[in-house]
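Asker: Sharing a structure, written as structure tokens. Questions coming.
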Amino acid sequence: MAAVPAPAATAARPARSPLLGYALLFAAVAALPFLGAYPIFVMKVMCYALFACAFNLLIGFTGLLSFGHAAFLGAAAYAAGHALKVWGLPVPLGLAFGVGVAALAGLAFGWLAIRRSGIYFSMITLALAQMLYFFFLQAPFTGGEDGLQSVPRGTLFGLNLGNDLTLYYLVLAIFAAAFWLIYRVVHSPFGQVLTSIRENEARATSLGYDVDRFKLVAFVLSAALAGLAGATKTLVLGFATLTDAVWTTSGAVILMTLVGGMGTMVGPIVGALVIIALENKIGDAGRWLAELTGIGWFNGLGESVTLVTGLIFIVCVLAFRRGVVGEGLRLWERWRAR
């Protein structure tokens, strides 16, 4: 007897490519300036979103927790700023120089840290990052505690990047290209090996993969992308300071990734938006709450950013362990399975 084909209702649903959704996301970001969004704020969010995506490539898809990723953001920020301001390099070369410095720092950090695993790996990255931080503090070209100020935006192919809207679309193009690169890496055979290392490193080794080499390449790639975020941020804001390289910035990118959703493509973007919006808008929200409720305590909310972000972190750990995007995807899969 011939087999009866499965009903259409019970047939497996074909997997849909998320590329269309990502394209719509970037199209929406492109339209934000025309909807009243402040370009500088959105560009800052994009820079930190790229930083978080770079970090997520390391922790979310490779399983390596770095406590010193701010070193690459800061190294590229200072290097690109110095190249643009002092050497007068064109914008593409200045950004490329910053990325190159971050990649070299990532190679040095990774070569030393990859030999260890777990908390030992994390502490080595933190120690190396602190060494680099004190170098930036004392080096003459960084400006010390004052930072590297008045970095020019310059021009690109005849376009004046001093115009916020022109620079906005350059930053968007950089972010979209970097996001596409991360997507391709994650969904490539190389990315599948990284995932297998995250899930079961011993098994990946038994299959014949040079685990240390794969982890080192992932570390350098993550450092280079974090450097691209730092160099772009210097171009946007016109300065690089010690804040870019301090250990609290490494903690901030961990928080962004966990809040948004570790191991997801869009999660770090959402996490960066939440954290940067809190840092920049919580004072306005506090004044609005003070006017609404008549409670004067809310007026000082802008000075309690770390308290609010700490509470958000606690809530995410207790109630949203997969992050905002991760929990959303889980609910969506449950709904589709009904």
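Asker: For the stretch 207-308, list log₁₀ I(q)/I(0) at each q in 0.12, 0.21 Å⁻¹, using the Debye formula over Cα point scatterers of equal strength and ignoring solvent, two decimals each.
Answerer: -0.58, -1.20
Asker: Connecting C-alpha atoms closer than 10 Å in a GNM of the chain, tell me which of 293, 264, 142 has the biggest fluctuation.
Answerer: Sorting by GNM fluctuation, first place goes to 293.
Asker: Please build a GNM for the chain, connecting alpha carbons under 10 Å apart, and tell me which residue among 80, 224, 319 fluctuates the most.
Answerer: 319
Asker: From the backbone phi of the stretch 313-319, what are the Karplus-calculated ³J(HN,Hα) couplings (6.51 cos²θ - 1.76 cosθ + 1.60, θ = phi - 60°) in whole Hz, Gly and Pro given as x?
Answerer: Each residue's phi maps through the Karplus curve to give 4, 4, 4, 5, 5, 7, 10 Hz.
Asker: For the peptides 59-68, 27-36, what is the packing order when you average, over each peptide's residues, the other Cβ atoms within 10 Å and list the highest mean first?
Answerer: 59-68, 27-36
Asker: Relative contact order for the chain using alpha-carbon pairs under 8 Å, separation at least 6, rounded to a whole percent?
Answerer: 28
Asker: Grab the beta carbon distance between residue 123 and residue 332, set R0 = 51 Å, and tell me the FRET efficiency rounded to 0.05.
Answerer: Once rounded, the FRET efficiency stands at 0.85.
Asker: Sticking with this structure for a sec: May I ask you to derive the relative contact order of the stretch 222-334, considering only C-alpha pairs under 8 Å and at least 6 residues apart, and to give it as an integer percent?
Answerer: Numbers: 95 pairs, mean separation 29.4, N = 113.
Taking the mean separation of contacting Cα pairs over the length of the stretch 222-334, I get 26 percent.
Asker: Counting only protein chains, not ligands or nucleic acids, how are 115, 153, 336 ordered by accessible area (probe 1.4 Å), most first?
Answerer: 115, 336, 153
Asker: Using a 1.4 Å probe over the heavy atoms of the protein chains, calculate the carbon and sulfur portion of the accessible area of the chain as a whole percent.
Answerer: Accessible surface attributable to carbon and sulfur in the chain totals 67 percent.
Asker: What whole-number volume per residue, in cubic angstrom, does the convex hull of the C-alpha atoms of the stretch 112-166 give?
Answerer: Hull volume normalised by residue count: 170 Å³.
Asker: How much area per residue is accessible in the stretch 202-338 when the probe is 1.4 Å and only protein heavy atoms are counted (Å²)?
Answerer: 51
Asker: Given Cα pairs under 8 Å that are at least 6 residues apart, what percent is the relative contact order of the stretch 227-280?
Answerer: 21
Asker: Sticking with this structure for a sec: Please give the Cα centre distance for the stretch 123-180 versus the stretch 88-109, rounded to the nearest Å.
Answerer: The two parts, judged by their Cα centres, are 10 Å apart.
Asker: How much length is gained on full extension from residue 165 to residue 149, taking 0.36 nm per residue of separation minus their Cα-Cα distance?
Answerer: Full extension from residue 165 to residue 149 adds 3.6 nm.
Asker: Okay, moving on. Let's test the formula: R0 of 22 Å, r as the Cβ-Cβ distance of residue 307 and residue 243. What FRET efficiency results, to the nearest 0.05?
Answerer: E between residue 307 and residue 243, to the nearest 0.05, is 0.70.
Asker: On a 25 Å Cα-Cα criterion, which of the cross-link pairs 44/85; 44/215; 85/281 come out too long?
Answerer: Details: 44/85 20 Å; 44/215 29 Å; 85/281 31 Å.
Over 25 Å Cα-Cα: 44/215; 85/281.
Asker: Could you list which residues have their amide H under 5 Å from that of residue 156, counting only those 5 or more apart in sequence or on another chain, with H placed in the peptide plane?
Answerer: 161
Asker: When a/c reaches 1.5 or more, the comparison of a/b and b/c decides; with that in mind, is the stretch 58-212 rounded, prolate or oblate per its Cα gyration tensor?
Answerer: oblate
Asker: With springs connecting C-alpha atoms under 10 Å apart, model the chain as a Gaussian network and identify which of 82, 69, 187 has the largest mean-square fluctuation.
Answerer: Between 82, 69, 187, it is 187 that shows the largest mean-square fluctuation.
Asker: May I pose another question? Among 183, 150, 271, which residue has its Cα positioned farthest towards the positive end of the charge dipole of the stretch 129-285, with +1 placed on the Cβ of Lys and Arg, -1 on the Cβ of Asp and Glu, and the dipole taken about the Cα centre?
Answerer: Ranked along the dipole, the leading option is 183.
Asker: Using the heavy atoms of the protein chains alone and a 1.4 angstrom probe, what is the accessible area of the stretch 42-193 per residue in square angstrom? Don't skip to the answer; put the middle values down first.
Answerer: Values: 6440 Å² over 152 residues.
I get 42 Å² per residue for this part.
Asker: Per 0.36 nm of contour for each residue apart, how much would the distance between residue 115 and residue 177 grow if the chain were fully extended, relative to their Cα-Cα spacing?
Answerer: Result: 19.2 nm gained on full extension.
Asker: How long is the stretch 20-64 along each principal axis, judged by its Cα atoms, biggest number first, in Å?
Answerer: Principal-axis extents of the Cα atoms in the stretch 20-64, largest first: 39, 25, 7 Å.
Asker: Can you give the three extents of the C-alpha atoms in the stretch 190-251 along their principal axes, from longest to shortest, in whole Å?
Answerer: Computed over the Cα atoms, the extents are 49, 21, 14 Å.
Asker: Need one number: the % of Cα-Cα pairs in the stretch 57-99 sitting beyond the 13 Å mark. List each step's numbers first, then the result.
Answerer: Working: 519 of 903 pairs.
Looking at the stretch 57-99, the distances longer than 13 Å represent 57 percent of pairs.
Asker: Taking every pair of distinct Cα atoms and averaging 1/r, then inverting, what Kirkwood hydrodynamic radius in Å comes out for the stretch 64-156?
Answerer: On the way: mean 1/r = 0.0716 Å⁻¹.
After inverting the pairwise mean of 1/r, the radius is 14.0 Å.
The values are calculated or read from the model by the stated rules, or taken from the named source; none is laboratory data. Just so it is clear, the structure is predicted and the values come from calculations on it, not from any experiment. Every residue, glycine as well, gets a Cβ built from its backbone with ideal geometry; the counts of neighbours run over all protein chains shown. All accessible areas refer to the heavy atoms of the entire protein, side chains included, with ligands and DNA or RNA removed. Shrake-Rupley method; radii C 1.70, N 1.55, O 1.52, S 1.80 Å.
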